[in-house]
Amino acid sequence: MKAYILILATMFFIACQPTSSSRITFDVSLSAELSNEAKDGRLLLLLSTDNSSEPRFQINDGPNSQLVFGQNVESMSAGELISFDSKQFGYPIQNIDNIKEGEYWVQALLHTYETFNLSTGHTVKLPMDNGEGQQWNRSPGNIYSSPQKITIKDGQASNFSIVMDQIIPPIEEPEDTEWIKHIKIKSDLLSEFWGRDMYLGAHILLPKGFEDHPEAKYPLMVFHGHYPSDFGGFRTTPPDPDLEPDYSERFGVSGYNIIQQKEAYNQYLQWISDDFPRFLIIEIQHPTPYYDDSYAVNSANQGPYGDAITYELIPYIEEQFRGIGEGWARFLYGGSTGGWEALAVQVMYPEEYNGCFAACPDPIDFRAYCLVNLYENDNAYYYSSEHKENNVPIPAHRDYLGAVNSYMKDSNHKELALGDKSRSGQQFDIWEATYSPQGEDGYPQRIWNKETGEINKEVAAYWKKNYDLRYILERDWDQLGPKLEGKINIYCGDMDNYYLNNAVYMMEEFLESTTDPYYNGEVDYGDRAEHCWNGDQENPNHISRLRYNTMYVDKILKRIEESAPQGADLTSWRYN
């Protein structure tokens, strides 16, 4: 009898074991009803203890992030089982066997890749943007499963099966209105680099009287920033009286959705008022296979986006919508990514634009790459210590009182789980894709080891030479200075959540030292202001961030009056 019980117990133990040596395994497959086409991409396994939304919408840098594990797949076919076990890298738990006991909602998603034959001779596989602005969790064509509830128990081996049988549908493109027009052009420069047709788009806000004054030609304002699905912050009707107020966790403000609608309607009222100047404003769509925008500069890995925007897209818009089409009549502004772009484009195309207003820009001096000095630090995740038992982790995000809620290692390990070879579509990977030299495999060279944080000094030297804006200005001021005098304006909160103010301090120190000529611009800081303060000393951040398209108008008009060449058209766009 004892022998019989032992045999049964042994049989039960074997039956409960997953096929892998891992304690916990998941087998993911693609439904044949959904697609018979083999797929390349990044297969993601997502788990959450919170069922308030799907796991795919709960991955972030902060303490409330849920779990993600990732692996590459090639030619994944319907019915094929792809297993997740302890070998796949995860975030914020790296090893799947270390998932705690409890109930979880589990989901799988395939972020699909396409093949690009680059003009450099390399072949790479990357996610093409599909109108969503490089968001892996809602990109049309990506395949996923519905969340299902599972239970994981300590000490018990478990194997779970997941079938992906849902596909994210296409996104409808916005329609033209009386005030807002939408254009898309094929870029010859980008198409040559990527080995396929590539497009640039823009949303154009037309001035009052555009149809009534065919003789008028207008200055152009370029509002740089993340991928815009439509022209934002502009509505021709009052706020919806039936709108239920929401709560903004970021700003701690109730009814922020109502505030946004009020501000958008107020912008419209200003725009059509008799004394408001008439000009064109554009928001650009330039997503790349690496991110929701290109950073608006030429890049070894992304191609000549700077030239494509400045020499293809903008002249096309000015021709179609009667722009003046000269450098003195073009201006740049934006915040965060858009702040870096505004400054970088002004520096790299100094005579094609007449001024930039760069708010809370991404790092503009790589000695303060957030809190990492790329040239002196050896590691991006930890400050080294000779005597402390553990190295000190480097923070990545804080609030206005300095409380830290994520670290550099967190942000980068999240990205590594979402995609290798700089393919996560996230912040540090796009900086890498923009600033790094191209590797032998056709992908960006790593600025640091993504797992350990060890910095590659050769890559850092390349970044410095080509994209460290403070270094470039200081190195080339004798040539750039005369072309940039009066054109550089930078704004940042002194408690920026991402420590971006540190690089601004360094830039300001250089700019204030300039002579022959003095830079003659403006650098200003918001007291205790978080990301993304943009120069408004009177209103809170949650209000001023909604007013980019009106807050620099007086400074732009003054700049035009002071710098427009003799004979320039200063009247037709004023309807004089």
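Checking each residue of the stretch 256-265 against the condition of being among the aliphatic types (A, V, I, L, M), assigned to a loop (DSSP other than H, G, I, E, B), under 25 Å from residue 183 (Cα atoms) and at pLDDT 95 or above gives no match.
Condition check ((1) out of contact with any His (no Cβ under 8 Å at 6 or more places or on another chain); (2) charged (D, E, K, R); (3) within 26 Å of residue 554 (Cβ to Cβ)) across all residues:
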| position | (1), (2), (3) |
| --- | --- |
| 217 | yes, yes, yes |
| 228 | no, no, yes |
| 248 | no, no, no |
| 264 | yes, no, yes |
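Considered as a group, the residues in the stretch 257-287 that are among the polar types (S, T, N, Q) and under 17 Å from residue 334 (Cβ atoms) include one that is least open to solvent (accessible area, probe 1.4 Å), and that residue is 267. Checking each residue in the stretch 398-413 for being closer than 13 Å to residue 452 by Cα and of a type in the set (Lys, Arg) picks out only 409. Suppose the filter is of a type outside the set (Ser, Thr, Tyr) and not in a strand (DSSP E or B); does residue 489 pass it? So residue 489 fails the test.
Could you check the stretch 307-403 for strands (runs of 3 or more DSSP E) lying wholly inside it with 2 or more residues that are within 30 Å of residue 208 (Cβ to Cβ)? Lay out the reasoning, then the answer.
On the way: elements: 330-335, 356-359, 395-398.
Answer list for the stretch 307-403: 330-335, 356-359.
Residue 73 satisfies every condition listed in (1) under 28 Å from the mean Cα position of the chain (by Cα); (2) closer than 14 Å to residue 106 by Cα; (3) surrounded by 15 or more Cβ atoms within 10 Å (Cβ to Cβ) except (2). Contact map, the stretch 22-40: first residue over 17 Å from residue 163 (Cβ atoms) and open to solvent by less than 20 Å² (accessible area, probe 1.4 Å), second residue modelled with pLDDT of 90 or more and not in a loop (DSSP other than H, G, I, E, B), Cβ cut-off under 7 Å, separation 6 or more or different chains; pairs are 22/96; 22/97; 24/96; 24/97; 24/152.
Of the numbered criteria (1) part of a strand (DSSP E or B); (2) charged (D, E, K, R); (3) open to solvent by 50 Å² or more (accessible area, probe 1.4 Å), the one residue 50 fails is (1).
Mind checking whether some residue in the stretch 199-207 is open to solvent by 10 Å² or more (accessible area, probe 1.4 Å), closer than 21 Å to residue 343 by Cα, in contact (Cβ under 8 Å) with a residue 60 or more places away in the chain and not in a loop (DSSP other than H, G, I, E, B)? Checking the stretch 199-207: not a single residue is open to solvent by 10 Å² or more (accessible area, probe 1.4 Å), closer than 21 Å to residue 343 by Cα, in contact (Cβ under 8 Å) with a residue 60 or more places away in the chain and not in a loop (DSSP other than H, G, I, E, B). Take the residues in the stretch 418-442 that are in contact with a Pro (Cβ under 9 Å, 6 or more places away or on another chain) and under 21 Å from residue 47 (Cβ atoms), then tell me which one is surrounded by the most Cβ atoms within 10 Å (Cβ to Cβ). The residue in question is 425.
Before we move on, is residue 93 in contact (Cβ under 8 Å) with a residue 40 or more places away in the chain, open to solvent by less than 60 Å² (accessible area, probe 1.4 Å) and in a loop (DSSP other than H, G, I, E, B)? Against the criterion (in contact (Cβ under 8 Å) with a residue 40 or more places away in the chain, open to solvent by less than 60 Å² (accessible area, probe 1.4 Å) and in a loop (DSSP other than H, G, I, E, B)), residue 93 does not qualify.
The values are calculated or read from the model by the stated rules, or taken from the named source; none is laboratory data. Every value quoted in this text rests on a predicted model; they were computed, and no experiment measured them. FYI the Cβ positions are ideal-geometry reconstructions off the backbone, even for glycines, and counts take in every protein chain you see. Side chains included, ligands, DNA and RNA excluded: accessible areas come from the protein's heavy atoms. Shrake-Rupley method; radii C 1.70, N 1.55, O 1.52, S 1.80 Å.
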